[in-house]
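A short write-up of the structure that comes next.
The values are calculated or read from the model by the stated rules, or taken from the named source; none is laboratory data. Computed from a predicted structure; not experimentally measured. Cβ sites come from the backbone with ideal geometry, for glycine too, and all protein chains shown count toward neighbours. The accessibility values were calculated without ligands, DNA or RNA, using every heavy atom of the protein model including side chains. Shrake-Rupley method; radii C 1.70, N 1.55, O 1.52, S 1.80 Å.
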Amino acid sequence: MARKTQIAERDIIEDVYKFIEDYIFENHKLCSTSEIVNSLKIAKRRCNRIFKELIRQRKITVVYEGVGKPTIYIPRYMFEEILRTQHKPRWVEKYAFKKKLEMIEKINEMRREISHYEILERLLYGTGEPLEEAVKYALEHLEFENVERPQEKDTYDISFTHNGKKYIVEVEGTTKQGSKEKVNQLDGWVRIELNMGTDPSRIIGVFVVNHFRDKDPEERGEPLTEHAKRFLKYYRFVFFTTCFLFNLVKKVDEGSLSKEEARKMVVKGERYA
């Protein structure tokens, strides 16, 4: 019984840490204690004990606190990365060593190459805007035409064209299954395009999901709820997972699949019924 209690406590500690991390990625701002308490439905006193334990484990750190003010936490690795970016005055560049500049150029080139793969790897675990950017990047890498992410917030996530048709994409990153709500949201974006005068035969909705994103892709279950499947079938939307897209890009990178073949597989999508 004691062992089960210990496991349950470890799980809730991990849940709190993951919530802090995910909140930052999804909302692009830091979260307070009250947001964690309300979202995870745990007592504030217990939450404070978990914070102390996470601080002891050096997994989080406090970035803001004060009497009568909310206490704000951030994963320690994020905070340390911020501290590493300390500003240097521009005049220091005049005194840089020649060998150092040569090394920096090599490092920057390697970083650019590594960044390409890290963005694509985000397809396996990302959510929110980072995931949307990764999907857009992968579609551009496969050389789809007119790949765009609208600047407005209240609209679809991505669009691209292929063989004269416009594809409207809704992207979801979740620790659960792809939801009916997101499918209905996609239908709303498609209807707006139709109301703007787009030929119905030239517009296609695409639902992309990174399901159970906190798990190894080999351990993930069914990507869609039964409701999501029914609504996808009703709207006749294309569907695929970000893991599916990742594997296509990886095959292209390894030379076992052409970009043209990959594009055909993307617009065909995965089976969901």
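Accessible area ranking (1.4 Å probe, heavy atoms, ligands and nucleic acids excluded), largest first, for R230, R202: R230, R202.
Take the Cβ atoms of R202 and E152, set R0 to 22 Å, and the FRET efficiency comes out at 0.50.
Taking the helices alone, the chain has a mean residue ellipticity at 222 nm of -17000 deg cm²/dmol, built from -39,500 (n - 2.57) per DSSP H run of at least 4 residues and averaged over all its residues. Computed in the context of the full set of protein chains, the accessible area of the chain at 1.4 Å probe radius has 50% of its extent on carbon or sulfur. As a calculated quantity, the FRET efficiency between K52 and R220 at R0 = 25 Å, using C-beta atoms, amounts to about 0.15. V206 sits among other residues whose Cβ lies under 10 Å from its own Cβ, and their net charge, with Lys and Arg +1 and Asp and Glu -1, is -2. Of the residues Y125, V249, L194, the one whose Cα sits farthest toward the positive end of the charge dipole of the chain, with +1 on the Cβ of Lys and Arg and -1 on the Cβ of Asp and Glu, is Y125. Within segment 16-114, the percentage of alpha carbon pairs spaced more than 15 angstrom apart rounds to 72%. Under the combined filter of DSSP loop state and at most 14 neighbouring Cβ atoms within 10 Å, segment 49-92 retains these trypsin sites (Lys or Arg not before Pro): R58. Here's how it looks for I203: its modeled amide H is under 5 Å from those of K166, which are all 5 or more places away or on a different chain. In order along segment 206-219, the phi-based Karplus estimate (6.51 cos²θ - 1.76 cosθ + 1.60, θ = phi - 60°) of 3J(HN,Hα) comes to 10, 9, 10, 10, 9, 7, 6, 5, 7, 10, 4, x, 6, 9 Hz; Gly and Pro are listed as x.
Over segment 145-209, the fraction of Cα-Cα pairs per 5 Å bin, rounded to whole percents and listed from the shortest bin up, is 4, 17, 28, 27, 15, 6, 2, 0. From the P(r) of the chain, can you give the percent of Cα pairs sitting at distances over 29 Å? It works out to 48 percent of all Cα pairs.
When only the Cβ of Lys, Arg, Asp and Glu is charged (+1, +1, -1, -1), the dipole of the chain relative to its Cα centre reaches about 920 debye. Each label point was placed 7 Å from the Cα along the Cα-to-Cβ direction; for R191 and E105 their separation is 5.8 nm.
Per the Kirkwood formula applied to alpha carbons, segment 187-273 shows a radius of gyration over Rh ratio, Rg over Rh, of 1.02. Overall, segment 200-273 carries a charge dipole of about 500 debye about its Cα centre when +1 sits on the Cβ of Lys and Arg and -1 on the Cβ of Asp and Glu, all other atoms neutral.
When the chain is treated as a Gaussian network with alpha carbon springs shorter than 10 Å, the biggest mean-square fluctuation among K41, K88, K18 belongs to K88. The residues of the chain present an accessible area of 65 Å² per residue when probed at 1.4 Å with all protein chains retained. Extension gain for K176-E121 works out to 17.9 nm (0.36 nm per residue, less the C-alpha to C-alpha distance). Taking amide H positions as modeled 1.01 Å from N, with prolines and chain starts lacking one, the residues under 5 Å from G178 and 5 or more places away or on another chain are L224, T225.
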